[in-house]
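Working notes, beginning with the structure itself.
Taken together, the values in this text are just the output of simple stated rules run on the coordinates, not laboratory data. All figures in this text were calculated on a predicted structure; none of them were measured in a lab. Note that each Cβ is placed from the backbone with ideal geometry, even for glycine, and that neighbours are counted across all protein chains shown.
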Amino acid sequence: MREQSCFHCGLSIEQNEEIDFDDKKFCCTGCKTVYEIFSSNNLTSYYDFEKSPGATPQDIKGKYDFLENEAILSKILEFQEGNTSIVSLNIPHIHCSSCIWILENLNRLQPGISISQVNFPEKRVRITFNSEVVSLKEIAYLLSSIGYEPYISLENYGTEKAKIDRSLTYKLGVAFFCFGNIMLLSFPEYFEMKEFWLDSYKPFFRLLIFLLALPSFLYSASGYYISAYHSIRTRMLNIDIPIALGIIVMFIRSTYDMVMDHGPGFFDSLASLVFFMLLGKMFQIKTYSFLSFERDFKSYFPIAVTKINKDASEENVAIYDVLKGDRLLIRNQELIPVDGILISESAEIDYSFVTGEAVPITKKSGDKVFAGGKQIGKVIEMEVLHSVSQSYLTQLWSNEIFQKKVDQKHKTITDAISRYFTPILLLIAFAGFGYWIFIDANTAFNVFTAVLIVACPCALALTAPFTFGNILRILGKKKFYLKNAIVIEQLAKVNTIVFDKTGTITTNKKSNIIYEGNFISDVDILVIKNVLRGSNHPLSRMLYDFLPEGKRAAIENFQEITGKGLLASVDGKEIKIGSGQFVDDIVPDGSEIEKTALHIKIGEVYLGKYTFQNQYREGLEKLFADLSKDYQIKVLSGDNDGERSNLEAILPKGTELIFNQKPEQKLEYIKKLQEKGQNVMMVGDGLNDAGALAQSNVGISISENVNVFSPACDAILDAAEFSRLNYFLKLSHKAIFIIKMSFGLSLLYNVIGLAFAVTGNLLPLVAAIIMPLSTITIVSFVTFMSNYFSSRNLE
Amino acid sequence: MSVIYLLISVSIFVAICFFIAFIAAVKSGQYDDDYTPSVRILFDDETKINSQNNNLPIEEKQV
């Protein structure tokens with residue numbers, strides 16, 4: 001059998017379904033159409049950069065009609081004046097250089113677009129267009145027609161453009177500028193040349209050094225003063241107190257030395273200290289701009305929805321304007337934004353965003369439908385019961401856990417050390433001062449300041465940023481994306497792990513299919529496969545892929561009855577595939593209701609059923625066995641306990657299983673564990689876990705496609721790497737171990753420096769050597785160690 | 001003798017010029033996206049070749 005892949009999208013082409021066009025093979029007409037658009041516009045270079053870069057365009061008729069609404073439009077546009085409009089659109093499909101090329105050449109496809117610029121890391125395209133020639137709606141449809149469907153959600157609605165904070169870059173630039181120039185001007189001092197020629201310029205050099213130190217001292221280091229001030233006010237001694245103290249003392253002492261002509265002062269050390277510490281801060285920040293850790297329901301909900309007025313006319317209204325009693329029209333693949341009652345005869349609703357369950361649920365007229373579900377199939381009508389903010393799912397976000405902005409949920413390891421460090425440092429400084437004051441007042445002053453200068457915990461403060469920064473990058477390469485460095489510390493403290501069931505420990509991609517019933521012949525299987533071919537229902541597709549490949553046969557009278565099943569005839573025999581009731585009037589008993597199954601009837605004979613079971617992720621059993629050695633494991637599920645026996649077989653003995661949990665109950669459960677003193681890690685996937693993820697000490701969201709979907713959390717884990725969770729936890733422990741070791745190392749430097757300081761021998765040159773040296777040792781030590789541990793097998 | 005004042009002043013002045021250029025570059029958002037430009041720069045040549053190819057038949061007609 002030949003394996004062929006589509007020239008446009010790269011998916012394998014199903015036998016006999018290929019489309020030949022222009023000597024190229026395509027998997028469907030959608031892909032072919034995109035190729036036609038590109039080739040007729042001389043844009044086929046699209047296929048030169050990357051092999052099969054495209055995506056199959058989806059049918060989205062009517063989806064962006066709300067972009068005609070002026071009020072909504074003005075909320076989305078970034079800039080609008082006269083004819084010129086600028087819009088910034090998020091396009092999840094952006095993934096290669098071909099994507100950048102085609103999106104930056106949009107002006108060749110559509111007149112009216114003047115500039116389009118791609119920001120690849122953020123997966124955004126910024127389009128400047130003439131609103132008299134082309135409308136945003138047309139641009140959205142154009143993008144969709146070439147496979148780059150923009151993602152416009154409620155999140156885009158009316159939020160002020162967040163300003164990018166570049167102050168750290170400025171501070172670092174200033175610090176580097178001052179540091180470099182001061183070093184250059186300090187050279188004559190280092191070599192202590194007693195030449196008359198240089199000596200006569202000393203005051204000039206020193207004045208310049210002083211002036212250059214000012215921006216570094218006043219601007220670049222300002223963050224440390226503010227942080228130290230806050231920490232004193234909250235009575236929590238953090239590492240920034242000794243740093244700020246050291247810097248300030250260094251500045252005062254140096255100025256004094258310079259004015260009194262005692263020596264050149266420590267301005268060079270001050271500038272290098274500030275520069276290195278800001279560098280560490282910069283290194284610790286590793287952002288994954290294409291990911292979002294702050295997503296709430298707003299990222300998934302549409303901006304507008306189609307309302308049916310009393311006079312049967314249709315109108316696009318913003319989601320927030322939807323009121324109780326309104327009638328809404330929901331199209332194929334659209335999200336239901338509010339709770340309501342179904343008016344149409346039946347609907348297939350996919351709640352995978354909410355629960356992680358991939359199989360759609362069938363609803364009948366009069367049933368309640370909840371916000372967050374996605375309609376699959378026909379257009380449906382519904383009547384609104386609650387407005388957006390009062391709906392079942394969105395109410396979760398009114399919980400206080402989402403209201404308070406928790407900057408620091410706990411003390412960091414560096415702060416824990418500095419609780420002891422700061423008092424001891426002050427004690428030594430005063431002891432030295434007290435000893436020398438009886439001998440020589442001048443030396444006493446020198447010793448006091450020298451202790452504070454040399455003990456300034458620069459290396460100590462750099463340890464954690466460099467270790468965590470490096471681990472953060474290593475984990476990112478292994479597809480475990482953390483929100484920030486603090487998460488690593490929290491990971492190391494976890495002692496209880498709570499898993500969500502559906503979508504987290506089960507995969508929604510594959511399903512385990514088991515046949516139960518009478519003997520089924522190969523011929524019958526072939527007939528079933530052929531009937532399933534015509535159906536787009538997810539269950540049909542799954543069973544279709546599961547059944548063996550075979551010849552095609554002619555099917556007559558094919559009918560798909562939504563919510564019930566398929567009806568067709570082959571060679572005069574009637575075939576029914578679908579729910580038990582539909583196929584053979586089987587009234588499901590208690591145990592049947594919990595299982596998803598397709599029943600089969602050929603002719604007048606009921607054959608049996610295909611049962612779909614949850615497929616657990618690969619390596620789950622081993623992962624749980626490993627984790628249970630060090631952690632308490634619990635499984636929370638929103639489903640009923642139909643899977644209890646299966647789960648108990650896989651999971652280690654004593655694992656707590658809790659079923660029928662509502663989103664709020666999950667949150668409460670985590671809260672109770674925390675009140676018992678547990679450090680809880682929650683692993684979840686759907687919007688219904690959002691509360692529990694926010695409440696837990698570390699919330700990890702599992703995602704099949706990290707670009708598109710994940711609720712607000714502390715870390716996002718690519719679903720394919722799920723089985724390595726134990727490794728990630730082990731690595732976080734190693735990170736803490738590395739930090740403790742390098743704390744020891746930096747304290748050693750402090751002791752050496754203090755020996756100089758207490759005896760009154762700290763020369764500016766010694767300080768200028770010790771500080772960078774300790775920094776470089778620490779940075780190379782932690783980088784080496786973290787790379788070493790991450791490459792080792794930690795199992 | 002006073003030439004050293006001049007030299008140092010000039011060197012500091014040049015350094016400040018570069019520093020201002022750096023600040024201006026950060027402010028303009030040059031460092032916000034450090035990946036796309038590296039890809040984009042490879043495209044320009046390619047489009048030029050394209051337009052040349054398009055022009056070729058026209059030139060032939062003129063001849």
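Structure above, values below:
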{"item": "Whole-Å distance, taken between Cα centres, linking the stretch A:73-99 and the stretch A:275-340", "result": "17"}
{"item": "Label-reachable residues, the stretch A:115-135, where backbone N falls under 11 Å from a point 7 Å from B:Asp32's Cα toward its Cβ", "result": "A:119, A:126"}
{"item": "Of A:Gln661, A:Gln110, A:Tyr420, farthest towards positive along the dipole that unit charges on Lys, Arg, Asp, Glu beta carbons give chain A", "result": "A:Tyr420"}
{"item": "Distance from the stretch A:109-144 to the stretch A:248-262 (C-alpha centre basis), Å", "result": "59"}
{"item": "Per-residue average of Cβ from other chains inside 10 Å of B:25-32", "result": "3"}
{"item": "Overall Cα dimensions of the stretch A:311-464 - principal axes, largest extent first, Å", "result": "98, 32, 21"}
{"item": "Whole-number D in µm²/s for the stretch A:20-164 (Stokes-Einstein; Kirkwood sum over Cα pairs; 37 °C, 0.692 mPa s)", "result": "206"}
{"item": "Calculated FRET efficiency for the pair A:Lys324/A:Ser135, C-beta based, R₀ 41 Å, to 0.05", "result": "0.80"}
{"item": "Charge dipole magnitude, Cβ of K and R +1, D and E -1 - the protein assembly as shown, Cα centre, debye nearest 20", "result": "2500"}
{"item": "Dipole moment magnitude, nearest 20 debye, the stretch A:38-174 about Cα centre, only Lys, Arg, Asp, Glu C-beta charged", "result": "380"}
{"item": "Distance histogram for the stretch A:219-347 (every C-alpha pair counted, 10 angstrom bins, percent rounded to whole numbers)", "result": "10, 23, 15, 10, 11, 14, 10, 6, 2, 0"}
{"item": "0 to 90° range, to nearest 10: angle between helix A:267-284 axis and chain A longest Cα axis", "result": "10"}
{"item": "Along principal axes, Cα extents of the stretch A:488-529, largest first, whole Å", "result": "59, 17, 11"}
{"item": "For the protein assembly as shown, with +1 on Lys and Arg beta carbons and -1 on Asp and Glu, the positive-most of A:Pro92, A:Pro652, A:Val322 along the dipole", "result": "A:Pro652"}
{"item": "Inter-label distance, nm, simple model (7 Å from Cα along the C-beta direction), B:Ala25/A:Glu345", "result": "6.7"}
{"item": "Ratio of Rg to Rh over the stretch A:272-401 (Cα coordinates, Kirkwood Rh, two decimals)", "result": "1.21"}
{"item": "Least to most buried among A:Asp524, A:Asp685 (fewest other Cβ within 10 Å first)", "result": "A:Asp524, A:Asp685"}
{"item": "DSSP-assigned coil residues among trypsin sites (Lys or Arg not before Pro) in the stretch A:1-102, each with at most 13 further Cβ atoms within 10 Å", "result": "A:Arg2, A:Lys51, A:Lys61"}
{"item": "Cα-Cα over 25 Å, subset of A:Lys298/A:Lys493; A:Lys378/A:Lys573; A:Lys286/A:Lys730; A:Lys51/A:Lys477; A:Lys363/A:Lys671; A:Lys123/A:Lys479", "result": "A:Lys298/A:Lys493; A:Lys378/A:Lys573; A:Lys363/A:Lys671"}
{"item": "Virtual spin-label span in nm between A:Phe79 and A:Thr759, 7 Å along Cα→Cβ", "result": "6.5"}
{"item": "Theoretical FRET efficiency, 1/(1+(r/R0)^6), r = Cβ-Cβ of A:Arg419 and B:Ala15, R0 56 Å, to 0.05", "result": "0.85"}
{"item": "Dipole of the protein assembly as shown [Lys/Arg +1, Asp/Glu -1 at C-beta], most positive-end residue of A:Gln559, A:Ile361, A:Val487", "result": "A:Val487"}
{"item": "Estimated FRET transfer efficiency when R0 is 41 angstrom, pair A:Asp630-A:Glu556 (beta carbons, to 0.05)", "result": "0.10"}
{"item": "Tilt relative to chain A, helix A:222-233 - C-alpha long axis, 0 to 90 degrees, to 10", "result": "90"}
{"item": "Helix axis angle, A:620-630 relative to chain A longest principal axis, alpha carbon, degrees", "result": "30"}
{"item": "Which of A:Met260, A:Met382 has the fewest Cβ neighbours within 10 Å, and the rest in rising order", "result": "A:Met260, A:Met382"}
{"item": "Exposed chymotrypsin sites (Phe, Trp or Tyr not before Pro) absent - longest run of chain A, DSSP non-H/G/I/E/B, at most 10 other C-beta within 10 Å", "result": "A:1-437"}
{"item": "Pair A:Thr783, A:Gln58: separation of 7 Å Cα→Cβ label points (nm)", "result": "4.3"}
{"item": "Within 10 Å of each Cβ in A:36-48, the average number of Cβ atoms from other chains", "result": "1"}
{"item": "Order of A:Ser746, A:Ser628, A:Ser701 under a 10 Å beta carbon neighbour criterion, fewest first", "result": "A:Ser628, A:Ser746, A:Ser701"}
{"item": "³J(HN,Hα) computed for each position of the stretch A:729-735 - Karplus, 6.51 cos²θ - 1.76 cosθ + 1.60, integer Hz, glycine/proline x", "result": "5, 4, 5, 5, 5, 5, 4"}
{"item": "For residues of B:33-42, the mean tally of beta carbons on other chains within 10 Å", "result": "5"}
{"item": "Quarter of the Cα convex hull surface for the protein assembly as shown, i.e. its orientation-mean projected area (nm²)", "result": "49.0"}
{"item": "Per-residue [θ]222 nm for chain A (sum of -39500 (n - 2.57) over DSSP H runs n ≥ 4, rounded to 500)", "result": "-13500 deg cm²/dmol"}
